[in-house]
Amino acid sequence: MPQHNRWWALVVLAAAQFMVIMDTSIIGVALPEMQRDLGFSQGGLQWVFNAYVVAFGGLLLLGGRLSDLFGARKIFTIGWVVLTAGSVVAAFATTAWVEILGRAVQGVGGALIAPAAMTLLMMLFGHNPRELGKAMALYGAAAPAGGTAGVFLGGVITEYLSWPWVFIVYIPIGLITLAAIPALLPATQGKRGSVDVFGAVTVTAGIALTVYTIVKAPEQSLTTTLIEAAGAIVLLVAFLLTQRSVREPLMPLKIWKTPGLAPANLAMALLGAAWIPMWYFLNLFLQQDLGYGAFASGAALLPMTVAVMIFMIGITARLLGRFGAKPLIVLGLAVLAVGVGGLAFSGSAFLPASLVAAVGMSLAYIPAMMSALSGVRPEESGLASGIVNTTYNVGSALGLAVMTAIATSQENGFDAAFVGAGVVAAAGALLTLVLMRRPAQVPQEQPAHV
């Protein structure tokens, strides 16, 4: 592929990552209007968020497997078709259950897009370590920037238009992306194989039930919670057991022998479990405690987005080449812990602590992602991408569920949630320091046709 086309292709891939992650955050400010118009109960409203995250996180492994089997560009294209269709359903829903359905369909589309995009990126830039670092910086910055920018854009749309527009904006973007794919993204060949349907069902159901159990725990009996937790454990154990016995598993367990893969995924899970609850509760804190409007709340979070973009693109990639992944992951998670925990004591002077948190996220995200992908074979890149995206998003969902439970049980709920998220980030720094033994190696050169 010509040099300039590869970088334009990166724009498409980074935009896809931005949009997929933004889809988890753009609805936050619009939730009160959606509740009023669609008749959501207070407890049911959270499933506008969770339906997307559970479908997205639960199906990422399947998305990675499909990308390896049928070709990354084909799955990337199908993912955009599904995401766009889900956006249409969500935008024009007139009842709560249709809205949740639309959000789940969007999550399915995102689960196909994310691992396919990472595979395409590795194909385009994996043969040149220096270019790969730059490409990963741009691609990596798109995720947290998308999450933060979604809050701002959701505030603008809610303030000046109406809540359906938070989904309508995806429709023209999806159509433009689909039109650009044939010209900018390389054709990819899949390989022979089959899909582990039972594995996909059990892991998705297990993740969904785990999130549901945590979310519902504060409002139901201990017996019910324990039964649901046991069911989630059974499903996840069944998934792991079948991965040892089926001929072509959804997640071959031998991949976990890849140096650095397990601790990098643990770091990504705890990073998501700290970062996502932080911006979620910061947005609520600005509106409910400080009295910010939707637009002002979104604008107040823009400095975080700018900080993430500057550090990831301009600084983190250079530091990664000089110091390696482990020191940056440890430092980033520690800085994130200071920033997020500091929000509990900042009051109206929240900006410095939020910027510290953004710097911490910027330092940790790309090194953790690179560590998770750097040691795998090219034919397993889709699977590895699916795993690392799954751990980040499942960590985000579980972290938000836990912090929500903490917040609702405490008098100073926002402060408790910030402290809890800070503790999670600090635990991530400590565990990475102890468990990550070997520095990540730069991916080897990809096949000549790339």
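The values are calculated or read from the model by the stated rules, or taken from the named source; none is laboratory data. Every value quoted in this text rests on a predicted model; they were computed, and no experiment measured them. Because the Cβ atoms are built from the backbone with ideal geometry, glycine has one as well, and the counts that use them run over all protein chains shown.
Side notes on the structure shown:
- All positions within the range 249-277 that are under 19 Å from LEU433 (Cβ atoms) and not in a helix (DSSP H, G or I): PRO259, GLY260
- Conditions (1) part of a helix (DSSP H, G or I); (2) crowded, with 20+ Cβ neighbours inside 10 Å; (3) touching a Lys or Arg at 6+ places or on another chain (Cβ under 9 Å); number of the one not met by ILE27: (1)
- Single condition ARG36 does not satisfy, out of (1) surrounded by 17 or more Cβ atoms within 10 Å (Cβ to Cβ); (2) at pLDDT 80 or above; (3) among the basic types (Lys, Arg): (1)
- When residues of the range 319-331 are limited to those that are free of Cβ contacts under 8 Å to residues at least 40 places away in the same chain and either touching a Pro at 6+ places or on another chain (Cβ under 8 Å) or not hydrophobic (A, V, I, L, M, F, W, C) (or both), the one surrounded by the most Cβ atoms within 10 Å (Cβ to Cβ): LEU328
- Qualifying helices (runs of 4 or more DSSP H) (wholly inside the range 90-180; at least 2 residues being of a type in the set (S, T, N, Q) and buried (at least 19 other Cβ atoms within 10 Å of the Cβ)): 96-125, 129-160
- Residue in the range 289-298 that is at pLDDT below 80, more than 22 Å from MET22 (Cα to Cα) and not hydroxyl-bearing (Ser, Thr, Tyr) present: no
- Test for ALA427: is it crowded, with 19+ Cβ neighbours inside 10 Å and either part of a helix (DSSP H, G or I) or modelled with pLDDT of 80 or more (or both): no
- Of all residues in the range 162-181, those that are under 25 Å from ASN5 (Cα atoms) and in contact (Cβ under 8 Å) with a residue 60 or more places away in the chain have Cβ atoms under 7 Å from Cβ atoms of residues that are among the small types (Gly, Ala, Ser) and surrounded by 23 or more Cβ atoms within 10 Å (Cβ to Cβ), 6 or more apart or on another chain, in TYR170/SER87; ILE171/SER87; GLY174/SER87; THR177/ALA16.
- Test: residue in the range 281-302 that is of a type in the set (Phe, Trp, Tyr), under 21 Å from GLY420 (Cα atoms) and assigned by TED's automatic domain parsing to the domain that holds VAL330: yes
Let's see how each residue does on (1) touching a residue at least 40 places away in the same chain (Cβ under 8 Å); (2) farther than 27 Å from MET136 by Cβ; (3) surrounded by 24 or more Cβ atoms within 10 Å (Cβ to Cβ):
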{"position": "ALA334", "(1), (2), (3)": "yes, no, no"}
{"position": "VAL338", "(1), (2), (3)": "yes, no, no"}
{"position": "PRO367", "(1), (2), (3)": "yes, no, yes"}
{"position": "GLY399", "(1), (2), (3)": "yes, no, yes"}
{"position": "MET403", "(1), (2), (3)": "yes, yes, yes"}
